[in-house]
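Please read the structure below before turning to the comments.
The values are calculated or read from the model by the stated rules, or taken from the named source; none is laboratory data. Owing to the predicted nature of the structure, the values given are computational and were not obtained by experimental measurement. Methodologically, a virtual Cβ is constructed for each residue, glycine included, from the backbone with ideal geometry; neighbour enumeration extends over all protein chains shown.
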Amino acid sequence: MKLANFRFETDADGIALATWDMAGRSMNVITPEVMSDLETIIKAVAEDAAIKGCVITSGKPDSFSGGADLTMLQGLGVEYARLVKSKGEEPAMSYFFEESRKLSLLFRALETCGKPFVAVINGVCLGGAFELALACHHRIVSDDPKTRVGLPEVKVGLFPGAGGTQRAARLMQTGDALQMLFKGEQIKGLPARNMGLVHQVLPKEAMVEAARDWIKAGGSGVAPWDEKGFKLPSNKVHSPAGMQIWPPANAIYRRETQGNYPAAQAILSSVYEGLQLPMDLGLRVESRYFAKILRSTEAAMMIRTLFMSMQDLNKGARRPKAEPATSLKTVGVVGAGFMGAGVAYVTANAGMNVILVDRDQEAADKGKAYSHKLMSDQIMKGRAKTADREALLDRITATADYSALAACDLIIEAVFEDPKVKDEVIRKIEGHIRPGTIFASNTSTLPITGLAKSSKAADKFIGIHFFSPVEKMMLVEIIMGKKTGDAALAMAIDYVRAIKKTPIVVNDARGFFANRCVLGYIAEGYEMLLEGVPPAMIEAAGRQAGMPVGPLSLNDEIALDLGLKIMKATEVQLGPNAIDQRQKAMLVEMVDKLGRMGRKAKKGFYDYPEGAPKRLWPDLVKLQPAHLKPEQVDMTMLKNRLLAIQALEAARTVEEGVVTDPREADVGSILGFGFAPYTGGTLSYIEGLGAARFVAMCDALAKSYGPRFKPNKQLREMAKAGGSYYAATKAA
Amino acid sequence: MAEAFIYDHVRTPRGKGKADGSLHEVTAIELGAQTLRAIRQRSDLDVSLVEDVVFGCVDPVGEAGADIARTAALKAGYGKTVPGVQINRFCASGLDAVNLAAAQVMSGNKELAIGGGVESMSRVGMGASGFGIAVDPSVAIDTYFMPQGVAADLIATKFGFSRNDVDAYSVQSHKRAHAAWEKGYFNSSVIPVKDINGLTILARDETIRPGADMQGLASLKPAFAMMGEQGGFDAVATFAHPDVEFVNHVHHAGNSSGIVDGAAAVLVGSKKAGKAMGKAPRARIKAYATIGSDLALMLTGPVDVTELVLKKAKMELKDIDLFELNEAFASVVLRYQQAFDLDPACLNVNGGAIAMGHPLGATGAMILGMVLDELERTGKQTALITLCVAAGMGVATIIERV
């Protein structure tokens, strides 16, 4: 038997062991070659009378497999597009359908070959790989804490289309299955067994033997759903029980996705229709939905941004290749306020030592106490042990003594956002650190080039913009000052990778990348208020467009007085025409006259009653100079405006050279401010619509709502030339 | 076009639609058959003249399945020549059945037909026939499916009706229904349901609570709050109506229509049929209309269909003396009243389904009969009958005394 990716041996008892171990890869992945090997194995097991059954396991020490190769699926789309042109829509679709369900048919062939298959799983087993396991007749997972099974496809705009929806829904109560498929969570061994997804949890050394024993003991090669008299876990779909399940499931889909994620809806339909059919037909229906979803813009954009680009950036795609590996053992964090305390925590949590410095011991201790609190929360949730907390706290030295910074490989300064304070602290720090130490300044508003002037070594000086709260937000903006050198960039990227966050590298400009886009979103909310749009509709439009919260909510979270402060400062610097005076008047009313500063004041655009959900402030309508009736408001227009204003700002950052890689704008916008993930990010949103269409839409918006919607020159030219941000980057 | 006239109508009293309801022991077929027997007996009708029996039934499964109209007609002794057809447009089925009977007469295709409906909610159960639009994700999501109670709460929120408003309406419904019975307004049309020995099983509507008051109603918890919040339906409601920030849940069992058993039948025919029967027509079916409207509000179809039916009848609002709108939920009626700025004294004057119950497939025919009796009693001329319907539909009929 010729196999490229498996070892295959049969023991004296006639039990075959297929060990999946792809050469040159740290993790197994399903490729066309792997599928061909599996086909060979299934055939051999089925036809060789001497083989009683087969155990499938991985030859990798820490993993089973991460699933299917998503580029394989992308390739299918390219071929489909080619065939549409050469042969027409129907033949192209027919090809696409058959090709996209090959994996499903292969797994079904395994399941119905007549001999028992056992999956033996240690480490991660996700997506298509777990669908392979689900097609096996018995599943054993290791009790190793790193073992995870799951079907996370929905997170990249796909769904488990190789039998995953059908088998999960035949193994578990329908509600539980839908929840698992919706969330795409990775599940540890024991919970997986309790959910009914796997049969045994064992120490990894004992698994293969247990699998053999199961086959020897007469383990059945027929799946439960292929047995006569099989009953669905939640009974029939059309039944009183089904009435309890399906209407809420459909409504919860709407609530959780705002209708923006076709893959999640396809999960619902695949399960709903599939459970009313025998397995083979259920799989066919699932395949039909899969072929449809695979061709969706949402899937294409989400795979690119949330899988490919995110992976690239997490691997340090922007790290200067020539720079040698850095050694990061001790990080100095100066300023133990809210941001500094969070930075100290994530740094210590990643195993590094932290010197946490503030002006006095009390302030430094207070910053360290934040780590104590966060770890205690983890312990309460059962995610950490007391010993973990003590070990983490041991790694943080809180002190008022700047000379302790001499031990540091990297300095992160996170003091108050005031140029004078920063200048003073930078000089003071540099009096104590080793020459050549990389110096990072955490700031969300101050240009790095300006701050670098306080430094003796501007080439070693870089910006690291953390988002708040640091421990939760996954994005970090790395800001290149004019003179920042490659060593500083390499160190910053290495650091961000070490704390398991995603870095994007931007060039120095007011607001950098993320905050510029977000401010546009909030300001558009003001515009709508001034136009007289009912406030609830503004907020709904934000959510329906796919943003995590409406613009008024977001403003309340950030605090209205901060916005007013920025506005006043801008006015002082650039004159009264630089800001919108109507917006300012409204903010002055809210902040200065009414003290409605946002959530922190328990009143802003919303009221925040104790122990009850927040509600829009009823009198907000009285501040509106005009009032539109709900039926006069076009929700699609509101949604378009709220997304377009952000995408336009992103496009401008590209033209200005603030962002140089579209992957960073896309990943950064989703991780940084939750930009509608189904679009694939700010630039992918433009490309998903088509740049030309987007430009036309913005021109129309500019006509109706003002020049802020005018597309920038580079975008306009790109649209005209039929270009795209990604194509341009590839070419360069 | 021929004209269609109403010659007679009867209804059963409505029994509480549970195992302890008086009509629970009576089969759905028998309920329907008793109305058909009554129509026959009251006019000494030669049933061979009846060319069709159209019955509304919303859950036509089990004993109510397999064409209950034909089955009930056979059981009532109408004989092999009288056909029957069962139809379903949810809550308006009974009125649709009358409209369909009238349409056949107007078209000249038939001279005499019976429209009506039957529902034994205690025996068959609401939703027993399945609910594709609620469960199939490929339609339920796009059509904003919600349980009707949540939609009724959305109406209350959007159009500004408080818990007090809906409760006060409920109190009025019970008071009006009770008063109507006390004064004998229903006597001529409600037939007692009897057993095979002629013993009366139920003679009066069973769910009216003359003592209903605001205090008692205030103690009831909103019935759809948990469903709305945990079942995700509030999010569907506010998605479809983004001007509504949150749904204020105001409805409960006390201000929603009751679940009951009952049946009704209306004898509809041409002028010629009247002559053949030797009967004078009581009212003309002047116009009828059906409509689809906002899916999420679901129950505001009566507003839209009223405008349509008036147009079809070439009439104006002021030409209508009495309005009869099924009291599916209090907010449905309050919204209707608000939309047309109606005087409450001409709307549901003898109470409705909040007090007496809503036997789904039969109600339309019942309320048409009730308002006809009221026109005759008060010497008024015209009435508009309308019902809200699941999936955002509405049905209406205008009748005019002759």
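Pick from the stretch A:196-209 the residues that are in contact (Cβ under 8 Å) with a residue 24 or more places away in the chain and in a helix (DSSP H, G or I): which of them is farthest from A:VAL141 (Cα to Cα)? Please lay out each step first, then the result.
Filtering the stretch A:196-209 down to residues in contact (Cβ under 8 Å) with a residue 24 or more places away in the chain leaves A:196-204, A:207-208.
Restricting the remaining residues to those that are in a helix (DSSP H, G or I) gives A:204, A:207-208.
Numbers: A:LYS204: 8, A:MET207: 7, A:VAL208: 10 Å.
My answer is A:VAL208.
For the stretch B:296-334, enumerate the residues that are more than 18 Å from the chain's Cα centre (by Cα) and either part of a loop (DSSP other than H, G, I, E, B) or buried (at least 24 other Cβ atoms within 10 Å of the Cβ) (or both). Reasoning before the result, please.
Going through the stretch B:296-334, the residues more than 18 Å from the chain's Cα centre (by Cα) turn out to be B:296-297, B:307-308, B:310-321.
Within the stretch B:296-334, B:ALA296, B:LEU297, B:LYS314, B:MET315, B:GLU316, B:ILE320, B:ASP321 meet the criteria.
Regarding the stretch B:288-309, can at least one residue be identified that is within 14 Å of chain A (Cβ to nearest Cβ), farther than 30 Å from B:GLY379 by Cβ and among the β-branched types (Val, Ile, Thr)?
Within the stretch B:288-309 (the criterion being within 14 Å of chain A (Cβ to nearest Cβ), farther than 30 Å from B:GLY379 by Cβ and among the β-branched types (Val, Ile, Thr)), the answer is yes, since at least one residue qualifies.
Matching residues to (1) away from chain B (no Cβ under 14 Å); (2) more than 36 Å from the chain's Cα centre (by Cα):
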position: A:GLY218; (1), (2): yes, yes
position: A:ALA223; (1), (2): yes, no
position: A:LYS228; (1), (2): yes, yes
position: A:ASN235; (1), (2): no, no
position: A:ALA241; (1), (2): no, no
position: A:GLN244; (1), (2): no, no
position: A:ALA249; (1), (2): no, no
position: A:GLY259; (1), (2): no, no
position: A:ALA266; (1), (2): no, no
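Let me confirm something: among A:PRO324, A:PRO262, A:PRO248, which residue is modelled with pLDDT under 95 and not hydroxyl-bearing (Ser, Thr, Tyr)?
Numbers: A:PRO262 fails: modelled with pLDDT under 95; A:PRO248 fails: modelled with pLDDT under 95.
After applying the criteria, what remains is A:PRO324.
Quick check on my filter: what residues within the stretch A:408-424 are of a type in the set (D, E, K, R) and either buried (at least 20 other Cβ atoms within 10 Å of the Cβ) or closer than 19 Å to A:ALA457 by Cβ (or both)?
Once the filter is applied, which keeps residues that are of a type in the set (D, E, K, R) and either buried (at least 20 other Cβ atoms within 10 Å of the Cβ) or closer than 19 Å to A:ALA457 by Cβ (or both), the stretch A:408-424 yields A:ASP409, A:GLU413, A:LYS422, A:ASP423, A:GLU424.
Inspect the stretch A:710-717 for any residue being surrounded by 24 or more Cβ atoms within 10 Å (Cβ to Cβ), on the phi > 0 side of the Ramachandran plot and either modelled with pLDDT of 95 or more or over 27 Å from the mean Cα position of the chain (by Cα) (or both) and give the result as yes or no. Walk me through it before giving the result.
At the first step, the residues of the stretch A:710-717 found to be surrounded by 24 or more Cβ atoms within 10 Å (Cβ to Cβ) are A:711, A:715.
Filter once more, keeping what is on the phi > 0 side of the Ramachandran plot: none.
Scanning the stretch A:710-717 turns up no residue that is surrounded by 24 or more Cβ atoms within 10 Å (Cβ to Cβ), on the phi > 0 side of the Ramachandran plot and either modelled with pLDDT of 95 or more or over 27 Å from the mean Cα position of the chain (by Cα) (or both).
Hey, could you check the stretch B:136-159 for residues that are aromatic (Phe, Trp, Tyr) and crowded, with 20+ Cβ neighbours inside 10 Å and say which is nearest to the other protein chains (Cβ to nearest Cβ)?
It comes out as B:PHE145.
With A:PRO576, A:PRO630, A:PRO613, A:PRO625 as the choices, which residue is within 14 Å of another protein chain (Cβ to nearest Cβ) and surrounded by fewer than 15 Cβ atoms within 10 Å (Cβ to Cβ)? Spell out the reasoning first.
On the way: A:PRO576 fails: within 14 Å of another protein chain (Cβ to nearest Cβ); A:PRO630 fails: surrounded by fewer than 15 Cβ atoms within 10 Å (Cβ to Cβ); A:PRO625 fails: within 14 Å of another protein chain (Cβ to nearest Cβ).
When all the criteria are applied, what remains is A:PRO613.
For every residue, the table says whether it meets (1) farther than 17 Å from A:LEU671 by Cα; (2) under 25 Å from the mean Cα position of the chain (by Cα); (3) surrounded by 24 or more Cβ atoms within 10 Å (Cβ to Cβ).
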| residue | (1), (2), (3) |
| --- | --- |
| A:ALA498 | yes, yes, no |
| A:PRO503 | no, yes, yes |
| A:ASP508 | yes, no, no |
| A:ASN515 | no, yes, no |
| A:VAL518 | no, yes, no |
| A:GLU527 | yes, no, no |
| A:GLU531 | yes, no, no |
| A:PRO534 | yes, no, yes |
| A:ASN555 | yes, yes, yes |
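To keep it simple, each residue is scored yes or no on (1) within 14 Å of chain A (Cβ to nearest Cβ); (2) surrounded by fewer than 24 Cβ atoms within 10 Å (Cβ to Cβ); (3) at positive phi.
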residue	(1), (2), (3)
B:THR200	no, yes, no
B:GLU245	yes, yes, no
B:ALA253	no, yes, no
B:SER256	no, no, no
B:ASP261	no, no, no
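Run A:ALA488 past the list (1) of a type outside the set (Ser, Thr, Tyr); (2) out of contact with any strand residue (DSSP E or B) (no Cβ under 7 Å at 6 or more places or on another chain); (3) over 21 Å from A:PRO469 (Cα atoms); (4) surrounded by 19 or more Cβ atoms within 10 Å (Cβ to Cβ) and report the number of the one that doesn't hold.
Evaluating A:ALA488 over (1) of a type outside the set (Ser, Thr, Tyr); (2) out of contact with any strand residue (DSSP E or B) (no Cβ under 7 Å at 6 or more places or on another chain); (3) over 21 Å from A:PRO469 (Cα atoms); (4) surrounded by 19 or more Cβ atoms within 10 Å (Cβ to Cβ) leaves (2) as the failure.
For the condition in a loop (DSSP other than H, G, I, E, B) and in the same structural domain as A:PHE439 (by TED's automatic domain parsing), what is the one hit in A:ALA344, A:ALA336, A:ALA325? Even if it seems obvious, please write down each step before you answer.
Numbers: A:ALA344 fails: in a loop (DSSP other than H, G, I, E, B); A:ALA325 fails: in the same structural domain as A:PHE439 (by TED's automatic domain parsing).
The unique qualifying residue is A:ALA336.
Is it the case that A:ILE30 is under 18 Å from A:LEU106 (Cα atoms) and in contact with a Gly (Cβ under 6 Å, 6 or more places away or on another chain)? Don't jump to the end; show me each part of the working.
On the way: under 18 Å from A:LEU106 (Cα atoms): yes; in contact with a Gly (Cβ under 6 Å, 6 or more places away or on another chain): yes.
Spelling it out, A:ILE30 is indeed under 18 Å from A:LEU106 (Cα atoms) and in contact with a Gly (Cβ under 6 Å, 6 or more places away or on another chain).
Filter the strands (runs of 3 or more DSSP E) completely within the stretch A:4-122 down to those with at least 1 residues that are more than 20 Å from A:LEU132 (Cα to Cα) and β-branched (Val, Ile, Thr).
Working: elements: A:6-10, A:15-20, A:53-58, A:63-65, A:117-121.
Per the criteria, A:6-10.
Does any residue of the stretch A:290-313 turn out to be within 29 Å of the chain's Cα centre (by Cα) and within 14 Å of another protein chain (Cβ to nearest Cβ)? Explain how you work it out, then say what you get.
Looking only at the stretch A:290-313, we keep the residues that are within 29 Å of the chain's Cα centre (by Cα), and these are A:290-313.
Still in the list and also within 14 Å of another protein chain (Cβ to nearest Cβ): A:292-293.
Yes; the residues of the stretch A:290-313 include at least one that is within 29 Å of the chain's Cα centre (by Cα) and within 14 Å of another protein chain (Cβ to nearest Cβ).
What is the one condition in (1) modelled with pLDDT under 95; (2) away from chain A (no Cβ under 14 Å); (3) over 21 Å from B:LYS18 (Cβ atoms) that B:ALA180 does not satisfy?
Single failed check for B:ALA180: (1).
Considering only residues of the stretch A:449-480 that are farther than 26 Å from A:MET310 by Cβ and in contact with a strand residue (DSSP E or B) (Cβ under 7 Å, 6 or more places away or on another chain), which is surrounded by the most Cβ atoms within 10 Å (Cβ to Cβ)? Please lay out each step first, then the result.
Step one: of the stretch A:449-480, the residues farther than 26 Å from A:MET310 by Cβ are A:449-461.
Those still in the list that are in contact with a strand residue (DSSP E or B) (Cβ under 7 Å, 6 or more places away or on another chain) too: A:451-452, A:455, A:460-461.
On the way: A:LEU451: 24, A:ALA452: 24, A:SER455: 19, A:LYS460: 23, A:PHE461: 27.
If we take residues in the stretch A:449-480 being farther than 26 Å from A:MET310 by Cβ and in contact with a strand residue (DSSP E or B) (Cβ under 7 Å, 6 or more places away or on another chain), then A:PHE461 is surrounded by the most Cβ atoms within 10 Å (Cβ to Cβ).
I'd like to know if the stretch B:88-95 contains one or more residues that are buried (at least 21 other Cβ atoms within 10 Å of the Cβ), more than 15 Å from the chain's Cα centre (by Cα), closer than 15 Å to B:ALA263 by Cα and not polar (S, T, N, Q). Full working, then the answer.
Applying the first criterion (buried (at least 21 other Cβ atoms within 10 Å of the Cβ)) to the stretch B:88-95 yields B:89, B:91-95.
Keeping just the survivors that are more than 15 Å from the chain's Cα centre (by Cα) gives none.
No; the residues of the stretch B:88-95 include none that is buried (at least 21 other Cβ atoms within 10 Å of the Cβ), more than 15 Å from the chain's Cα centre (by Cα), closer than 15 Å to B:ALA263 by Cα and not polar (S, T, N, Q).
Any chance the stretch B:214-221 includes a residue that's more than 27 Å from B:LEU31 (Cβ to Cβ), at pLDDT 95 or above and within 14 Å of another protein chain (Cβ to nearest Cβ)?
Among the residues of the stretch B:214-221, not one is more than 27 Å from B:LEU31 (Cβ to Cβ), at pLDDT 95 or above and within 14 Å of another protein chain (Cβ to nearest Cβ), which makes the answer no.
Can you tell me how many residues within the stretch A:369-395 are part of a loop (DSSP other than H, G, I, E, B) and either touching a residue at least 12 places away in the same chain (Cβ under 8 Å) or not assigned by TED's automatic domain parsing to the domain that holds A:VAL357 (or both)?
We begin by selecting, within the stretch A:369-395, every residue part of a loop (DSSP other than H, G, I, E, B); these are A:381-385, A:395.
Those left that are additionally either touching a residue at least 12 places away in the same chain (Cβ under 8 Å) or not assigned by TED's automatic domain parsing to the domain that holds A:VAL357 (or both): A:395.
Summing the residues that are part of a loop (DSSP other than H, G, I, E, B) and either touching a residue at least 12 places away in the same chain (Cβ under 8 Å) or not assigned by TED's automatic domain parsing to the domain that holds A:VAL357 (or both) in the stretch A:369-395 gives 1.
Would you pick out the residues in the stretch B:112-135 that are crowded, with 20+ Cβ neighbours inside 10 Å and either assigned to a loop (DSSP other than H, G, I, E, B) or at the interface with chain A (Cβ under 9 Å from one of its Cβ atoms) (or both)? Lay out the reasoning, then the answer.
We begin by selecting, within the stretch B:112-135, every residue crowded, with 20+ Cβ neighbours inside 10 Å; these are B:112-124, B:134-135.
Residues satisfying the conditions are B:MET121, B:SER122, B:ARG123, B:VAL124, B:ALA134, B:VAL135.
Considering only residues that are within 14 Å of chain B (Cβ to nearest Cβ), of a type outside the set (A, V, I, L, M, F, W, C), touching a helix residue (DSSP H, G or I) at 6+ places or on another chain (Cβ under 8 Å) and not in a helix (DSSP H, G or I), which ones fall in the stretch A:482-540?
Once the filter is applied, which keeps residues that are within 14 Å of chain B (Cβ to nearest Cβ), of a type outside the set (A, V, I, L, M, F, W, C), touching a helix residue (DSSP H, G or I) at 6+ places or on another chain (Cβ under 8 Å) and not in a helix (DSSP H, G or I), the stretch A:482-540 yields only A:PRO534.
Test of understanding: among A:SER26, A:SER63, A:SER58, which residue is hydroxyl-bearing (Ser, Thr, Tyr) and surrounded by fewer than 16 Cβ atoms within 10 Å (Cβ to Cβ)?
Values: A:SER63 fails: surrounded by fewer than 16 Cβ atoms within 10 Å (Cβ to Cβ); A:SER58 fails: surrounded by fewer than 16 Cβ atoms within 10 Å (Cβ to Cβ).
Answer to the check: A:SER26.
Residues to consider are A:ALA341, A:ALA317; find the one that is closer than 24 Å to A:MET491 by Cα and crowded, with 19+ Cβ neighbours inside 10 Å.
Working: A:ALA317 fails: crowded, with 19+ Cβ neighbours inside 10 Å.
Result of the check over A:ALA341, A:ALA317: A:ALA341.
Confirm whether A:ASN314 is not assigned by TED's automatic domain parsing to the domain that holds A:PRO160 and not aromatic (Phe, Trp, Tyr). Spell out how you get there, then give the answer.
Numbers: not assigned by TED's automatic domain parsing to the domain that holds A:PRO160: yes; not aromatic (Phe, Trp, Tyr): yes.
Considered against the rule, which asks whether it is not assigned by TED's automatic domain parsing to the domain that holds A:PRO160 and not aromatic (Phe, Trp, Tyr), A:ASN314 comes out as yes.
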